[in-house]
Each structure stands twice: as C-alpha cells, then as structure tokens.
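Student: Quick one: structure below, then a few questions.
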Amino acid sequence: MIPAAFDYYRPTKMDDVIALLQEHGDDARVMAGGHSLIPMMKLRMAEIPHLIDLQAIDGLNEISIEDGQITIGAMVTQHDLINHAGLEAAAPILREAALQIADPQVRYMGTVGGNVANGDPGNDMPGVMQCLDATFALVGPDGERSVAARDFYEAAYMTAREDEEVLTSVSIPAPQGGYAYEKQKRKIGDYATAAAAVQIVKEDGKCTAASIAMTNLSDTPIYSVDAGAALVGTAVDAAALNAAKAAMLGNIDPTEDNRGPVAFKKHVAGVILARAIERAWSRA
Amino acid sequence: MKDEVESRDDRVANLKGMGCSRKRVEDARFTQGKGNYVDDIKLDGMLFGDFVRSPYAHARITNINAEEALKVPGVLAVLTAADLEPLGLHWMPTLAGDKQMVLADGKVLFQGQEVAFVVAEDRFAAADGIEAVEVDYEELPVIVDPFEALKTDVVLREDLVAQDGSIPDGAHGPRTHPNHIFTWEAGEKEATEQVLDNAEVLVEESMYYHRTHPCPLETCGCVASMDKVNGKLTLWGTFQAPHAIRTVVSLISGIEEHNIRVVSPDIGGGFGNKVGAYPGYVCSVVASIVTGKPVKWIEDRMDNLMTTAFARDYHMTGKISATKEGKITGLHCHVTADHGGFDACADPTKFPAGFMNICTGSYDIPTAFLEVDGVYTNKAPGGVSYRCSFRVTEAVYFIERMVEVLAIELGMDAAELRRINFIKKEQFPYKAALGWEYDSGDYHTAWDKALTSVDYDGLRAEQAQRVEDFKAGKTRKLMGVGLSFFTEIVGAGPVKNCDILGLGMFDSCEIRIHPTGSAIARLGTISQGQGHATTFAQILASEIGLPADSITIEEGDTDTAPYGLGTYGSRSTPVAGAATAMAGRKIRAKAQMIAAYLLEVHDNDVEFDVDRFVVKGAPEKFKTMKEIAFAAYNQAIPGIEPGLEAVSYYDPPNMTYPFGAYVCVMDIDVDTGVPEIRRFYALDDCGTRINPMIIEGQVHGGLTEALAVALGQEIAYDDMGNVKTGTLMDFFLPTAWEVPNYETDHTVTPSPHHPIGAKGVGESPHVGGVPCFSNAVHDAFRAFGLRQTNMPHDHWRIWKTANELGLHD
C-alpha cells in the first residue's frame, strides 16, 4: 500500500497546470481531493510520475446561482455542497446525493470535480449530473470548451477530457419539479449496488418532464432517455413505473461483482428506480 | 482522623473495587493519541522489511532473481528460503503441530504467501524493492474446495507424503489422504447412531460457516533488535501471548531464553489474529541478526486480510433426534474443516478442532458424537478463534441452527423447544455427552427474563400479522425474531488437558506493595483493548484493600512480567484474574499477621474489613492496609520477613461456562434483500461482574463483530484461489452507521470454582450474537418454507433466498 515514487507539484496558476500537463502528457495527472486517485496509486494500480495538486489554484471552489444557472467549481467539496443554503433550495438533489457519498471525513476532502472527472462508474455525481443535464467546463492549451455530462463518459475511467485538459467547473440549469437520489449500498463507504437520480415535473396531475440516470450499473453512468419518456404524459401510476423500469433495464449493462450477480443487480435497479420515481413524484 | 468520619460505604466506594463502573485508566492516552503501538517504535538505524508475495494460489517457484531489487536505492538485502535454510529457519513449527514455510521453499500454497523478504532503509524503498524482485512461477492446479481436496490427485504438501507414496501420521494421528490433516472424534459413535436410527423425529441439515477474518484495526507487526555486543534479542510485537512467543523464538533460533526479551506494547485489537507466530517475525529476527540493526515489519491491510490467521471455514453436517414432544435424544455432527495450506490453527494441543465438542450447547442431550476432518487447501493458513474460545462460535452456531431446524420439523415454537431441553439448574455441575463438565448455570431464569423483556409473545403475534399482510400485498417487508441461547467454554485452561506446544495454560500475577500503600501488579496476560489495567486493579482493590487508583497493572514485557500464556479465549479473567485474587490473598494473609502484631493481639483476633484489619468485636481498633504496608517495610517484626510481595501461578481446576440469552428483531426488505435490525436484546451471565461499564462495552463490541460476520463479513476466494475480499471496500467492517442500539441485561451465576466467581465475557456476545442475527434472517422466511441458508446474509444472498422461495413472483 505504498505508491511508486512520484514528483509532486502544487502550482498556483491554471496556466502552470496546463504547462505541466503538456510537458508530461500521460505521465501527469491532476488531483483534487485525492480520494480516488491516491488509493489507486497506493495499490499501484495507477502509476503517476507527476502528480499535480489543484488545492492552491484560486477560483475553483466557488458556488454561484444566477439567472437559473448553477455553477459549481471543481474543487467544491461534497461537504461544501451539503452545507450551501442556496444550493439546497436551488437543486436539493445535489445535497441528497452528496449525503449518500461515503462518510463525513471523505466528504470534507472529496470534490465535485474529482468525482465527475475521474470516470469511475461507482461515483455518484456523474449520474446526478446527467440527470440534471449539466455541462462540464474543460480548460486546456487551446482555451476552454464545454462538454455535456450526457456526452462525457465513454467507458470506465475513459472520458471526453483530453490528457492536457482540466475540468474546472460544472454548470447546471436550475432543475424543476420533484427530485430523488435513491441508493442501495452494502455499507457506509461502499459504491452503489444500484442508484437512481430522478427529476420529475408535474402539471395538473400529469408528468410533463422526467429525467433519469443510473449509477454503477454499467461501465459509465446511464442516462436513460427512454425511462424518462415512459413517464411523460402519465400520472406516474403502476403501469408507467413498470414502463420506466423496463426502459431503464434495456439501457443498463451491470456486471457481477461482490455485491451480487447480474440478475440481482437488475432486480434491485428496478426497485430502486421505482422508489426514486415515487419519492420524486411525491415532491413534484 | 478522616477514617473515623468515613462511613463503611465511603470506604468501599473509595477503593473502586469489584462491581463498580470505574472509568478505564487506559483511555486517557488512547483518546489523546498517546498510545504506544508497535509502529510507534522508532530506533536508531532501524531498517524496514516487507514481503514479495505470491500472486498465485498454487505454483512452483523455478527462480527468484533479486539482482534488480538490490539496485533499488535503499534496498540492503533480499532474503529467500535458500538464505534461511542453513539456519534451519526456512520452515517454522505451527501452534497446531504442523510446520509452515517461512519463505516459499520451492512452491507456494496460497495467494499472498511470503516468497522473499526485502530489507531496506525505509518502507518506501522496501516497496520499490518488492516490485523489482523477479520470481518465475509455474502454475499448479488450484484446490479451494476441501471436499475436492480429499478426492483429487493433486498433492498440496509433498513434504507430508513419504517417498514410497504412503501417508505418515500427522500431529493428531492417522491421515487418509495426502491433503487430509487429521480426524478428531468425541463422544459415542455407535450409541449415537443407534439413538438416531430409532428416533421418533430425526432432522439432518448441512451448513457452511464461512471463512472470515478477525481484522483488528491495528495489523500485525514487530520490531526485532539483536544487540550483537551483549547477545540480547529484543522483540517488540503485536503478540497476544508474549511469553509463549519468547519460548518459541528460543526453541527455533537456539538463542537462550534469558537472552530474549519480548515486549507487547499497546495493541490495537487482536481477536485471535495475533496469537500465532508469523513469517514476518522470523524474517525480522533473522534480518536483524544479519544486519546488526533493528528491523521493523508491519503488515498493510491487504497483507493482514489475505495472509495472517483467518477464522472459521467449517462445513458442518448435523443430525438431531427428538421425541414427538420435542425432547432431544441425540446429536451427530460432522465437520470438514478447511485449514488452508498449512495447519496453523491456534488450539490447545489435544484439541485440533478446539472446543467444538461443546456443540451440544445449553441442552441436556444424553447421547452425541462429533467427528472433525481437517483438510489442506490452497488458501491462507490460520483457523484462529475470532473473538471466541477455541472454535466455540462454530459449535454454538451449529447447535443453535440445529435447534431451529428441529423446531421447524416439529412445528414447535423455537423458544419453547429450547426451554424444554435446557440443562436444569439442579443438574450442575453437568457432565455433557461430549466430555465437558459445565460448572454452573441457570438457563431457565435467563431465558424467561429475556423473553419477558422483549415481550416475546407480542413479537410473535406481530410477526404473524406481518405474514398475513405480506400475503395480502399490504407490505413487502417480513419480520424475523432471532433467538439464541449460548454456553461458552472459556478460561483455558487446566494444565492437565490444555497446553500449546507443550506450554501449560496456567497464568500468573505478581504483586509488589510499595511502602506508602500503593502497588504494582504484573500479569502473564496482555490487554489488546480489554481494559486489564482497569479491571485487574479492581480485583486487587477488593482483595487487598488499597484503592484501584493506587495500583498500577503492567503486562506484556517478558523481562518483568511473570510467565503466562497470554490473552485470548476469554482466559484473562478466568485464569490471570484468579491468579490476581490468589496473589492478593497471600498479601492479605501476611498483612493480617502484621496487623495483629501492631494491634498487639493474636492473628486470629483480627479480621479484614474493606481497607483494614480490625480487632474482632472492637472495630475502633484497626490498622489500615496503608499503615500495614508502611510497617511491612519499616518496622522490625519478629518472625516476619520485611516487604509485602506475592506471586501466584494459577492452574484452574476447570473451564468457566458463561452463558446468555439473545433476541434480535429484524425487518427484511424482500425486494432488495436489505435487513434492518429493529431491536437487539442481550442478556449475559458472566458470573461475578467486575466492571459493568467494561462488560457493556465488551458486549457492544462482540455483538458488532457478530453482526459483521452474520451479515456480510467474509474472506471469499474464486476458483483460482484469488482472494475476492482483500480490502475494506469488500470486507465488511461495520461502522456506527450499520450498528443498532443494543439493549444489555444480565443475570449473575458465579462460577463455583473461580476465586471471585468470574467467568469471562469478552467473547460471549460474539458467540451468541452470530446465531442470533442469522436466526433472525432465517425466522423471517420460516413461514414461507425456509429451513437453512448459509451466511453471510448479505443483500444478495437474502434476496436470493426470497427469490428462490418465489417471493418476487
């Protein structure tokens, strides 16, 4: 549990971060809270000869809510997210999800940026961000570009981020309607056996919009367009729930691990999604 | 004078003796980060050693090349079996009478096995050195199933097969197959079979008590320091039995015992994991001898989970017979015990399956037979008693499941079935069919108190309603009422039948009273968190009348403490606690003579009263123990040596038999497999209670480890012998979040043969807790036809049970 030797950098300017990434390419990685990367390094599953700590970069830990747009700096911690009063009103699903990530000690260090950028299918925020239709700002040698969360994830630990880019912030259109993040896990600190993020809009007793994403049920988070569509126009009754579940099950591709075999995970995914929809609907 | 205004109650309270919830004296340092654990030890020039470990579960080693490793900056040496062989240290004896490779001698038998020992200036260089050692492996067929091991042609231990292909006897008698270790029997085979054959009711059931691990928060480790000038070896380490380690080190190294000092500093939990001797200790000692410098070895979490002493891994098949009315008439138990690649169980020599023969439990079963087959597989060695006396968790789980299964067969309430079969109070001392003599018990009183406390009838009515509601589609949650009644067998033990490697399992206490009336007592045990410094001082306070706060308790340094066999199997209070009381009584006997001299009366005319000796019939005439202590050193008393010291070595006449009654109420989400513990009630009878607060803490801890084992904690292997649960992501270690609120209760049935009537409590909650949690899961599905499903009851296994019972249709 001791990592291979590495050089440690703690630059104060983003330009210096980009320059280091350009210089070392694949041999360099940026680190936010370090709660995914450091364990990988200690297990020697990741060898990072050049580790660039982002803690000293200014301007990455702010939360702003303006004109229906929420912007969260990459270095905002899960703890910050949970305790931000404005955010709790503007996008309560973020708090509900963050409270289900590990334990308080991890949440003091773990960041939103690290959680979404690392590409670990077990992380909770990628699914939440897909549900909220967030966009990620990426800064690189050629300036800034943005990528939709729903287009960002390619495979486990593989994302649309180029090696020389840094994910600096997450932008979210203020969500409407009811919400829920439902997660089944074996214990505190575990990844989800299955988890579902749901935002749902109700008008005159009918669902007019629904957004659904699932966590840890494929090698990426799964934004299920079909599951959301199955609810729109319905009163979210049993038939609609079953249709949404069936649609979601068509999109996920879980693998067997110590949490259980595929059949179990699919069954639980359906149960968890139904509970998330029901809770979100009750809040809509 | 102050004493004259103090009431007797005040004087008793001042002592903080037995029965009071004295706060733990250890906690001042632990809560401030001032403990001194083995990894806190830093010596000048200290080196660090760590292992190259096998990625394969079964393979031949064709070559080890350390050339590149030796080029890594800071790496000083790479030891292999070839280096240890000239010293005769490439293999070492195990506690179970087998031998174990210190470093791989031509082959490896389990994943994570120690292959080479890299010695470096610091642990970082050692880690880099490990990566650079090149080992060529030739993979062999992997055997992870003990039943297959007894059929296969694949021989795991070529060293245990004679050249002509015959199979020599092992340490515990004849072996039937190259991968067979022993067969151990207890009870009457033919008589039992006859009872079972003629039974009115007979049930057979098989169950697997899965492999798990004690997982103490502090992993195993040591610092070895060989002083070549004066020839003395000092070995600090996480040893639950420091004196036994000293003797073993002496026997295998040839260093005379007086030149070895073994020290157990603060230990962060043991739970059996720190009883045995590990290759890391041997390699550290050798490396220190070779380099002339201190060498530290500390396991990381994966090393600990994958390689040092696992627990359980018992495949058990039972047959239980009864009359139609439910009176149990016979019990048969067969165990296939998976011991891994070497037999490194930590059991008394004559008990290769520990005290598994306590498996008739708390019941008056006239006829029984037990047979255990030990088997080698390609898994890590061990088989320690994880928070229990030797194999008692397995025994109690077995009988508490068999009773439940019998209740199902009879269509009886499981609480009532237990009640009609309990050993009755008037039957004690009770000679059990498998050989043990239970010292004392009052099971019916405890059971009735437990059932009344939880409103058992009310729970059953609620459960019946829940089943109706479930069937009517009104709920998706089932309710389980888990019961368990256990009898522990602790305090090993009488030297006439308990030894480890020939070392008798007595224990000891040595007391010195200082002239000003304070004291130091040293014991042969070693606390790993049990609070010995608190509780042993309480025993002494009550015995010798000096305040517990004025008594220092010291353990773990073999240069100063009297010889003893250490702390495991709840033996500290039953054995060393008895030695403490007996040594205290020797002090008191001398104090009585001194008091009589000072009071100018005959010895028999004074009597002990809390903290003093008083003249009989004239309580205003007295000498306090403090005054007596001063006189003992400073006054010439005819016929009495100066000083006030005593030592006692206590060989217990019998084990002690703590017992308890537990009830768990659990709600189970049928659709997700998630169990929720609504209530847990634990009644413990550990005899005389020394410190109720510490007892409660022990019960909470043992129950939490029971919850872990029952609901998810396991060391699982795949078919290739890869450990699937080698990190805390997958190995379940409960936190405050997963743990329910425990309700504790007690009855008091003192041990008749123990000087203060105490029985030991540290392990009871684990022994009784595991079947209680498991029975709750089973009970939830009883109405739907479930008889037996194996632990750990994690979400998916519970879900699978529900699924197979058709509850998802």
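The values are calculated or read from the model by the stated rules, or taken from the named source; none is laboratory data. What you are looking at is a predicted structure, and each value in this text was computed from that prediction instead of being measured. Cβ placement follows ideal geometry from the backbone for every residue including glycine, while neighbour counts extend to all protein chains displayed. When the accessible area is computed, the model is the full protein with side chains, heavy atoms only, and any ligands, DNA or RNA have been set aside. Shrake-Rupley method; radii C 1.70, N 1.55, O 1.52, S 1.80 Å.
Student: Please go through the stretch B:2-73 and write out the trypsin sites (Lys or Arg not before Pro) that DSSP classes as loop and that have at most 15 other C-beta atoms within 10 Å.
Tutor: On the way: sites: B:LYS2, B:ARG8, B:ARG11, B:LYS16, B:ARG22, B:LYS23, B:ARG24, B:ARG29, B:LYS34, B:LYS42, B:ARG53, B:ARG60, B:LYS71; in loops: B:LYS16, B:ARG22, B:LYS23, B:ARG24, B:LYS34, B:LYS42.
Passing both the DSSP loop test and the Cβ count: B:LYS23, B:LYS34, B:LYS42.
Student: May I ask you to list the chymotrypsin sites (Phe, Trp or Tyr not before Pro) in the stretch A:154-231 that are in a DSSP loop and have at most 16 other Cβ atoms within 10 Å of their Cβ? Walk me through the numbers on the way to the answer.
Tutor: Values: sites: A:TYR157, A:TYR179, A:TYR181, A:TYR191, A:TYR223; in loops: A:TYR157, A:TYR191.
Passing both the DSSP loop test and the Cβ count: A:TYR157.
Student: Can you give the relative contact order of chain B as a percent, counting alpha carbon pairs under 8 Å and 6+ residues apart? It would help to have the intermediate numbers written out before the result.
Tutor: Values: 2040 pairs, mean separation 124.3, N = 809.
For chain B, the relative contact order is 15 percent.
Student: Determine the percent antiparallel among the DSSP beta bridges restricted to the protein assembly as shown, to the nearest 5. Numbers along the way, then the final one.
Tutor: Working: 151 of 187 bridges.
If we restrict to bridges inside the protein assembly as shown, about 80 percent are antiparallel.
Student: Could you name the lysines whose alpha carbon sits less than 17 Å from that of A:LYS183, not counting residues in the same chain fewer than 8 places away?
Tutor: Cross-link targets: A:LYS245, A:LYS265, A:LYS266.
Student: Continuing with this model, one more query. Taking only C-alpha pairs under 8 Å that are 6+ residues apart, what is the relative contact order of the stretch A:7-53 in percent?
Tutor: Numbers: 45 pairs, mean separation 26.1, N = 47.
That works out to 56 percent.
Student: Taking amide hydrogens as modeled 1.01 Å from N in the peptide plane, which residues meet the under 5 Å criterion relative to B:ARG612, leaving out close sequence neighbours?
Tutor: Answer set, sorted by chain and number: B:MET625.
Student: Which FRET efficiency value, to the nearest 0.05, do you get for A:ALA235 and A:ASP27 by plugging their Cβ-Cβ distance into 1/(1 + (r/R0)^6) with R0 = 56 Å? Spell out each step's value before the answer.
Tutor: Working: r = 56 Å, r/R0 = 1.00.
It comes out at approximately 0.50.
Student: Using a probe radius of 1.4 Å on protein heavy atoms only, what is the accessible area buried between chains A and B, both sides summed, to the nearest 100 Å²?
Tutor: About 2100 Å² of accessible surface is lost on pairing.
Student: Express in whole angstrom the spacing between the alpha-carbon centres of the stretch B:236-308 and the stretch B:431-502.
Tutor: Centre-to-centre distance over Cα atoms comes out at 38 Å.
Student: Follow-up question, since we're still on this one. Residues in the stretch B:543-585 near a label at B:GLU256, defined as backbone nitrogen under 18 Å from the 7 Å Cα→Cβ point?
Tutor: B:559-560
Student: Run the simple label-point estimate for B:THR735 and B:ASP169 please: 7 Å along Cα→C-beta, distance reported in nm.
Tutor: 5.4
Student: Once every DSSP H run of n ≥ 4 in chain B is given -39500 (n - 2.57) and the sum is divided by its residues, what mean residue ellipticity at 222 nm do you get, rounded to the nearest 500 deg cm²/dmol?
Tutor: On the way: 21 runs with 226 residues, N = 809.
Helix contribution divided over all residues of chain B: -8500 deg cm²/dmol.
Student: Rounded, prolate or oblate: which one fits the stretch A:145-284, using the alpha carbon gyration tensor with axes a ≥ b ≥ c (rounded when a/c is under 1.5, else prolate when a/b beats b/c, else oblate)? Write out the running numbers ahead of the final one.
Tutor: Numbers: a/c = 1.95, a/b = 1.21, b/c = 1.61.
Judged from the Cα gyration tensor, the stretch A:145-284 comes out oblate (a/c at least 1.5, b/c at or above a/b).
Student: Something else about it: With the crude spin-label approximation of a point 7 Å out along Cα→Cβ, what separation in nm comes out for A:MET1 versus B:ASP105?
Tutor: 3.2
Student: Counting only protein heavy atoms and using a 1.4 Å probe, what share of the accessible area of the stretch A:182-283 belongs to carbon plus sulfur, as a whole percent? Don't jump to the answer; show the numbers that get you there.
Tutor: Numbers: 1840 of 3680 Å².
Carbon and sulfur atoms account for 50 percent of the accessible area of the stretch A:182-283.
Student: If each of B:ALA589 and B:LYS71 carries a label point 7 Å out from its Cα toward its Cβ, how far apart are those two points in nm?
Tutor: 7.2
Student: I would also like to ask the following. The stretch B:460-514: percent of C-alpha pairs farther apart than 18 Å?
Tutor: Details: 975 of 1485 pairs.
Counting every Cα pair in the stretch B:460-514, those more than 18 Å apart make up 66 percent.
Student: Right, here's the next one. Which sequence of B:ILE715, B:ILE252 reflects their accessible areas, 1.4 Å probe, from the largest down?
Tutor: Values: B:ILE715 10, B:ILE252 50 Å².
Sorted by accessible area, descending: B:ILE252, B:ILE715.
Student: Okay, moving on. How big is the antiparallel share of DSSP beta bridges in the stretch B:185-278, given as a percent to the nearest 5?
Tutor: Details: 6 of 10 bridges.
Expressed as a percentage, antiparallel bridges in the stretch B:185-278 total about 60.
Student: Work out how much length B:SER7 to B:LYS232 would gain on full extension: take 0.36 nm times their residue separation and subtract the Cα-Cα distance, in nm to one decimal.
Tutor: Working: separation 225, 0.36 × 225 = 81.00 nm, distance 5.35 nm.
Taking B:SER7 through B:LYS232 to full extension adds about 75.7 nm, to one decimal.
Student: FRET efficiency for B:GLU607 and B:ASP413, Cβ-Cβ distance as r, R0 = 51 Å, nearest 0.05? Write down the numbers at each step before the final one.
Tutor: Numbers: r = 53 Å, r/R0 = 1.03.
With a Förster radius of 51 Å, E is 0.45.
Student: How many percent of the accessible area of the stretch A:9-103 is carbon or sulfur, using a 1.4 Å probe?
Tutor: Values: 1990 of 4380 Å².
Looking at the stretch A:9-103 in its full context, I get 46 percent from C and S.
Student: Rounded, prolate or oblate: which fits the stretch B:215-323 when a ≥ b ≥ c are the square roots of the eigenvalues of the alpha-carbon gyration tensor, with rounded for a/c under 1.5 and prolate only if a/b beats b/c? It would help to have the intermediate numbers written out before the result.
Tutor: Numbers: a/c = 2.89, a/b = 2.11, b/c = 1.37.
Prolate, since a/c reaches 1.5 and a/b exceeds b/c.
Student: How long is the gain from B:GLN635 to B:GLN427 if the chain were fully straight, where each residue apart is worth 0.36 nm and the alpha carbon distance is subtracted? Display every interim value, and only then the final one.
Tutor: Details: separation 208, 0.36 × 208 = 74.88 nm, distance 5.30 nm.
Additional length available on full extension: 69.6 nm.
Student: Right, something else. Please check the stretch A:175-189 for residues whose accessible area, probe 1.4 Å, is lower by 10 Å² or more when all protein chains are in place than in their chain alone.
Tutor: Buried by the other chains: A:GLN184, A:LYS185, A:ARG186, A:LYS187, A:ILE188, A:GLY189.
Student: Got a sec? Which residues of the stretch A:236-272 lose 40 Å² or more of accessible surface with every protein chain in place, vs. that chain alone, 1.4 Å probe?
Tutor: Checking the loss per residue gives A:ASN258, A:PHE264, A:HIS267.
Student: At a Förster distance of 51 Å, what's the computed FRET efficiency of A:ALA19 paired with B:ASP448, Cβ-Cβ distance as r, to 0.05? Show your work: numbers first, answer last.
Tutor: Numbers: r = 77 Å, r/R0 = 1.52.
Efficiency at R0 = 51 Å is approximately 0.10.
Student: Is the shape of chain B rounded, prolate or oblate, going by the alpha carbon gyration tensor and its root eigenvalues a ≥ b ≥ c, with a/c under 1.5 for rounded and a/b larger than b/c for prolate? The partial results should precede the final answer.
Tutor: On the way: a/c = 1.79, a/b = 1.09, b/c = 1.65.
It is oblate, given that a/c is not under 1.5 and a/b is not larger than b/c.
Student: How much net charge surrounds B:ALA199 when only other residues with a Cβ under 14 Å from its Cβ are counted (Lys, Arg +1; Asp, Glu -1)? Don't jump to the answer; show the numbers that get you there.
Tutor: Numbers: positive: B:LYS319, B:LYS324, B:LYS327; negative: B:GLU193, B:ASP197, B:GLU200, B:GLU204, B:GLU325, B:GLU409.
Local charge sum for B:ALA199: -3.
Student: Okay, next question. How large is the accessible surface per residue of chain A, computed with a 1.4 Å probe and reported in Å² as a whole number?
Tutor: For chain A, the per-residue accessible area is 40 Å².
Student: Return the carbon/sulfur percentage of the accessible area of the stretch B:461-612, one whole number, probe 1.4 Å, all protein chains in place. Working shown, then result.
Tutor: On the way: 2250 of 4640 Å².
The nonpolar share, carbon plus sulfur, comes to 49 percent.
Student: Anything losing 40 Å² or more of accessible area from the isolated chain to the full protein assembly: pick those residues out of the stretch B:647-693, probe 1.4 Å, ligands and DNA/RNA ignored.
Tutor: Buried by 40 Å² or more upon assembly, which counts only protein chains, are B:ASP671, B:THR672.
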